[in-house]
Structure formats: structure tokens, C-alpha cells
Amino acid sequence: MAARMARGTAAFVSAVGAISLGLVAGASAAEGNAEVSARHVAAAQEAAGDDLTLALGNCKDIGKTFVIPEGKLHGMLEKLTTLGPRPPVTVFDNLHYVGTKWVSAWAIETSDGIILFDALNNAKEAKDYIEAGLEELGLDPADIKKIIVAHAHGDHYGGAKYLQDTYGPEVIMSALDWAELEKPELQYADELWDAPPERDVAVDDGDTVTLGDTTAQIVLMPGHTVGTIGIVFDVMDGDEAHKAVIWGGNGLNFGPDAGRFLDMMHSADKVREMAAEEGIDVFLSNHPGTDGTDEKAERLANRKDGDPHPFVIGTDGVERFMTALRECVAAQLASFDAEAADSAD
Ligand SMILES: [Zn+2]
């Protein structure tokens, strides 16, 4: 699920002001602290600068941890799944966007077929966006050999069963999130999401997924779900090679669970360190609103010879994005457990 819609600054400031009232009952006697939250928000804003403000999504509505109420999910999904079409676009020579306005599907073209990262909400979207999008870009959906699903929410796995039944690709998810899908009751379920795919390949942190000449490194990045995964892989812009990460899940829609907040902070720390060590200079997400797909695709379409590639934000950019994201998670955590938020520093 995506983070909630942006709210105005006024609402944000009043939310920070309200934190001191937010004492959470429970054995841990955890306590929120508005000043600690504000310090983490400031750190996030400093890291994001003017160019990476999309990293600040979780800094909105500080003091309001949430789960999506049972009666509200369907209406939200109806809105989000009918935002309108997003034309498919080739972003790098070997990477194509075939998602919707709301949720991403990334097709990595290899010498032996396609690795698809995420499968949208349902079979209809898999047909209308993934199949039709690939065809529009001159690719054959029958070449989808592997599908990596970021996490056990229907906006990412919903179209996977259709593709699995139609083309027989491997479907790859973390063992932890396969287990989530096998629970008697899903965290979130809705008729707009098709049934999960059949359990197939389970991966863990550091595993690799190879197809033809391409290897994607699996990065376990728990937080949004217990077993969220992303990938690190090479992308080509003409003669220039870059290294990309796809961040696999960003929303904090699981209530005031400090452990999950800390998990996401550690996940961001891990990717930030990987960016420095491995030279990751492209940040991608599985929601276009998080990585700015629309705006960057527009710039890409108007790119002139010699212009930089708009999706390449540099290693420093990826590191700052991860710092900003982490600090926003810390800020929200501090709104109900300030001690926990600072324990991770
Ligand atoms: Zn999700």
C-alpha cells in the first residue's frame, strides 16, 4: 500500500504539537516525545534537500500511526486503481515501466527473457498494463520468465497468479511473506485484488536471481511487511552502466508496532550502506509517487544529447534518500516511543 495522501504543512505542524498527548498504553510504557520527533523530521528534511522531497512521505501526519480501517480499504483501492493509464516507458535500455499511475511494474529485459518486478492489482491490470505495455514497447509477455513480488500485499501480487497460469514463470518472494500469504486471514484483502499466486520460489537476503546475462541481488528490507524485498541490479544507458535499487515497500500502515518501525529504519540504513559500497546511483520504488516516475519519465522524453539521465540521482542522492526515509520513520516512531526511535541512532 502507498503511504497516505499528502496533507498540508499546517496539519503536519499541529500533529507534531499533539504528540505530547500521545501516551501509548502497554507493558513497555512507551512514551511519545514531540521534540524528538521534530528533531528527526529536521534531519530528514536536511537530507532530502530540495531535490528529494518524495523521500519525506512518512514525515506527514506525525503522531498519527494507523492501519487502514476494514471498511475503508475498498473505497481507497477503487480510487487508486482508477487514477487512469500510465503509458509504458523504456527508462533504461534494459528496464521498462509497465505499471499504472498508482503502482509500479518494472520489466527487466535480459538476454533470455524478462524478469518482472511486481504484478499490479489483478488479472485485468496484468493484461491492460503489463501485457499491453510490453507489447507496445516491442516485447513479448510470453518472455516473462521470473516474477519477483516485493511483498504480500495485493497491489504487488494481485496480477501474479494470472501471469503464472498464463506463462508459467517462476514467482519469487521472501519466505517470510509467502508465509504471510498462507495465513488464514490476510493483513489486507479486497475483491479488487486477485488471489495470491501459488507458492513458488522463496528467497532470503543476499540471494541472487539470474536470467540470461542479468543478475538481481535480493535485499531483504523488512518494515512495511515482515519480509519485504527489493533488488539491486545493473541498468544501461547507452554505453553507461548504472546500478539501481528498487525499494520494496514504504507505508507505515501497520499501527504502532515499534519493532516494525525499527526494522524499516535498519532496512534504510542497510541500503544506504550498500549504495556507498556498491555505487548504487539509481533509486526506484514500486509506487511511482515514491520515486517520481512520472516527472522523471517526462524529463526523459525531452532529454537532449548530453543531458544527464533523470533517473540517475547519484550515489550521494541514494544515500540521502535513504537517510531522509529513515529519519521520517524515526520521527513517526518517536511520536509513540521516543526511546525506541533514538535507540537506533
Ligand atoms: Zn504494501
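Spacing of the modelled spin labels on residue 50 and residue 67, each 7 Å from Cα toward Cβ, amounts to 4.3 nm. Counted by Cβ distance under 12 Å from residue 77, the other residues give a net charge of -3, where Lys and Arg count +1 and Asp and Glu count -1. Between the listed residues 113, 126, 196, the Cα displaced farthest toward the positive end of the dipole of the stretch 113-272, a dipole computed from Cβ unit charges relative to the Cα centre, is found at 196. Loop-located GluC sites (Glu not before Pro) in the stretch 157-237 (DSSP state other than H, G, I, E, B) with a sparse environment of at most 13 neighbouring Cβ atoms within 10 Å: 182, 185, 191, 198. Where both bridge residues fall in the chain, DSSP classifies roughly 65% of the beta bridges as antiparallel. The phi-based Karplus calculation (6.51 cos²θ - 1.76 cosθ + 1.60; θ = phi - 60°) puts the 3J(HN,Hα) values of the stretch 308-316 at x, 6, x, 7, 8, 9, x, 4, 4 Hz, whole numbers, x for Gly and Pro.
Summarising the amide proton neighbourhood of residue 243: residues at separation of 5 or more, or on other chains, whose placed amide H is nearer than 5 Å comprise 235, 281, 282. For the stretch 186-303, a Kirkwood radius taken over Cα pairs fed into Stokes-Einstein (20 °C, viscosity 1.002 mPa s) yields D = 132 µm²/s.
Over all other residues within a Cβ to Cβ distance under 11 Å of residue 95, the charged ones net out to -4, with Lys and Arg as +1 and Asp and Glu as -1. Given +1 at the Cβ of Lys and Arg, -1 at the Cβ of Asp and Glu and no other charges, the dipole of the stretch 220-345 around its Cα centre is 300 debye to the nearest 20. Summing +1 for each Lys or Arg and -1 for each Asp or Glu among the other residues whose beta-carbon sits under 14 angstrom from that of residue 176 gives -4. Residue-wise HN-Hα couplings along the stretch 207-213, as the Karplus relation 6.51 cos²θ - 1.76 cosθ + 1.60 with θ = phi - 60° gives them from phi, are 5, 10, 10, 10, 9, x, 8 Hz; Gly and Pro carry x.
For the stretch 47-109, GluC sites (Glu not before Pro) meeting the loop criterion (DSSP other than H, G, I, E, B) and having at most 12 other Cβ atoms within 10 Å: 70.
Label-to-label distance for residue 189 and residue 316 is 5.0 nm, based on points extended 7 Å past Cα in the beta-carbon direction. Ordering 226, 201 by the number of other Cβ atoms within 10 Å of each residue's own Cβ, fewest first, gives 201, 226. Straight-line cross-link partners of residue 161 among the lysines, defined as a Cα under 26 Å from its Cα and at least 8 positions apart when in the same chain: 72, 79, 101, 124, 127, 145, 146, 183.
Modelled label positions at residue 82 and residue 140, each set 7 Å beyond Cα in the direction of Cβ, lie 3.7 nm from each other.
If I fit a long axis through the Cα atoms of helix 9-18 and take the longest principal axis of the Cα atoms of the chain, what angle between them do I get, 0 to 90°, rounded to 10? Roughly 50 degrees between the two axes. Rounded to the nearest 20, the Cβ-based charge dipole of the stretch 9-343 about its Cα centre (Lys and Arg +1, Asp and Glu -1) stands at 940 debye. On the beta carbon distance between residue 166 and residue 35, with R0 = 41 Å, the FRET formula returns roughly 0.15. Sequentially through the stretch 233-244, phi angles give Karplus couplings (6.51, -1.76, 1.60; θ = phi - 60°) of 7, 8, 10, 10, 10, x, 7, 9, 9, 10, 10, 10 Hz, Gly and Pro residues having no value and appearing as x.
We did not get these values from a lab; they are worked out from the coordinates using the rules stated. It should be emphasised that the depicted structure is a prediction, and the values quoted were computed from it without experimental measurement. Note: ideal-geometry Cβ built from the backbone for every residue, glycine included; neighbour counts use all protein chains shown.
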